[in-house]
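The values are calculated or read from the model by the stated rules, or taken from the named source; none is laboratory data. Given the structure is predicted, the values throughout are model-derived calculations rather than measurements. Cβ sites come from the backbone with ideal geometry, for glycine too, and all protein chains shown count toward neighbours.
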Amino acid sequence: MNGLAKYIKLIALTFICALLYVKSNGQEICNNGKDDDGDGLADINDPDCQCHFTVNGNLLQNASFESYAHCPVSYLYSNESDIATAWKFGTYININEAFYLHNLACAYDSERVMHYMPPALPLPDGTGFISIEKDAYSDLNILEHDMSKSYVGQCLTQPLKAGEDYTLSFYAGRFRSWDNFLGDIFPFTVAVFGNADCNAVPFGKVNVLGNGCPANYPGWVLLGKVDVVSAGQWVQSKVRLNIPFNINVIEIGPDCSILEPIINLPDGTTFLDYHQYYLDDLHLLPTKDFPFEYIQTQIGSTCSDQPVLVAPVIAGASYQWYKDSVAIPGATAGTYQVANITGASYFNVKITTSSKCSISEPYLVAPNMLDAVHIPSDTVFCREDSMLHLAPALTGITYSINGVAADSVTIKDAGTYAIVARNSTGCERSFTTTVGKFNCTGCSTLMPSAFTPNGDGLNDVFRPRFNCAVSSVLFVIYNRWGQKIFESREVGKGWNGLFNANAMPTGTYVYTVQYKTINNISRTARGVVTLIR
């Protein structure tokens, strides 16, 4: 994209914004479960209702971009790639798009970015800030790794250590950069990538239209990302980072997804898909060093169907509880008893004192998946089989098999096993099972791993098949919550994917087959099947 195209883009953007900039219908009320100001966001989903936290310390240098070599002048990569002290422009990119540092003390602005897209004042910290950008293209032949995206990178003074938990907090703002003619603001993803080699910055080829995201290049991994919504204000956000190996350099910018085009300009760029965010006041630290508040559960209630959530105790504080970011009417005490758990939900509590407010980290409450774990005290499997699956991977459940952590229970050898299933809140169920391994050549059951009950006459029914004559069978299906949804004692009868005449959704289901051969030998088969619609 050349400078003239960008100039046209900014003018058109400003014209639309002049018509659509004011969309608010009123002041957002943060505890009534309604979208009062008409921006599509209710309660603590709305930035107007979010609390700001203060962070002390930083692993980043010049994290508010106050120190800089000179003001942006030409926006050429060769001149502007390292204006901000300790930061570099993250990618080689088209020479007319290498702008990333703006400073309120800088009077000259060749691209007039500050004129057409000025930030809200005051800035979160000082007078410096950066921008990151993500463009879209109408030409479907342009691949993601050729698209224009801008990043900033920093070589860290000390590495992020593999396996440790880190968080990056930041303020983000989007100003007069609208996504369509309705004036709606769609989320922008802020992503963090890492590399062990500081020389990996910048990535990509020189003087090309775009280089896509860092993950297209050797050594780069995505550490974490978060969606941010800003409709003209600075929003504080954070992203947890997963560190697979020691990281010495990070890049911050858009993720590797592709924007959908809306309106085309002659050069193939859609100016309404021109997503640009400003960032300021970054903090990178071990997560334990952030002032986050955490919900606990009342002793004795954790493993019940209606746990009692306990807010942090702060003198003189008032409380408001939220379920999936929407206020719970009347839930203003220091504790809240959860009721009617039908699915997974996240709970937060907003804590307000005379001097500050804080919002707790989300606390997941879900049906007790431990009830879906069924492990017999005795079972067998065939020597012809390489392994026996006793319990599937379930959301929020981890297992310990004779003291070794596992995501599912898979047995390869005969023996006695002590198995502990544990959920995310620390509740446990313990099992002891003795597994025998026999020659089953004479009789075994064959179970498919998936079936498609779509009425096409092919693989519509899930049933056990035997390679021998059986005298009796008990065939049972459970859903992921441990609820029995099918049972048959009729040899040859299978499950058609219905429960109470309703089609069950795509997903994984647990089955058990207990059967006797005609010579009265009892056997049991257990496993999981995937229903596909």
Within the stretch 341-366, tally of residues that are of a type outside the set (S, T, N, Q) and surrounded by fewer than 18 Cβ atoms within 10 Å (Cβ to Cβ): 10
Flag if residue 52 is under 26 Å from residue 169 (Cβ atoms) and modelled with pLDDT of 85 or more: yes
Conditions (1) under 35 Å from the mean Cα position of the chain (by Cα); (2) part of a strand (DSSP E or B); (3) touching a residue at least 60 places away in the same chain (Cβ under 8 Å): number failed by residue 410: (3)
Of all residues making up the stretch 230-250, the number that are touching a strand residue (DSSP E or B) at 6+ places or on another chain (Cβ under 7 Å), closer than 22 Å to residue 187 by Cα and in a loop (DSSP other than H, G, I, E, B): 3
Residue in the stretch 457-479 that is closer than 17 Å to residue 391 by Cα, within 34 Å of the chain's Cα centre (by Cα) and assigned to a loop (DSSP other than H, G, I, E, B) present: yes
The stretch 163-197, residues that are at pLDDT 95 or above, among the hydrophobic types (A, V, I, L, M, F, W, C) and surrounded by fewer than 22 Cβ atoms within 10 Å (Cβ to Cβ): 196
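Could you tell me whether any residue of the stretch 91-114 is of a type in the set (Gly, Ala, Ser), at pLDDT 90 or above and more than 20 Å from residue 198 (Cβ to Cβ)? If you could, list the steps in order and put the result at the bottom.
First pass over the stretch 91-114, keeping only residues of a type in the set (Gly, Ala, Ser): 98, 105, 107, 110.
Those left that are additionally at pLDDT 90 or above: none.
Scanning the stretch 91-114, I find no residue that is of a type in the set (Gly, Ala, Ser), at pLDDT 90 or above and more than 20 Å from residue 198 (Cβ to Cβ), so the answer is no.
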Among (1) under 21 Å from residue 392 (Cβ atoms); (2) surrounded by fewer than 12 Cβ atoms within 10 Å (Cβ to Cβ), the one test that residue 501 misses: (1)
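Looking for something assigned to a loop (DSSP other than H, G, I, E, B), at pLDDT 90 or above and surrounded by fewer than 17 Cβ atoms within 10 Å (Cβ to Cβ) - is there at least one such residue anywhere in the stretch 434-445?
Here is the first cut: in the stretch 434-445, the residues assigned to a loop (DSSP other than H, G, I, E, B) are 439-444.
Now drop any that are not at pLDDT 90 or above, which leaves none.
For the stretch 434-445, residues assigned to a loop (DSSP other than H, G, I, E, B), at pLDDT 90 or above and surrounded by fewer than 17 Cβ atoms within 10 Å (Cβ to Cβ): absent.
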Residues of the stretch 227-242 that turn out to be more than 17 Å from residue 58 (Cα to Cα) and either modelled with pLDDT of 95 or more or among the acidic types (Asp, Glu) (or both), as a count: 1
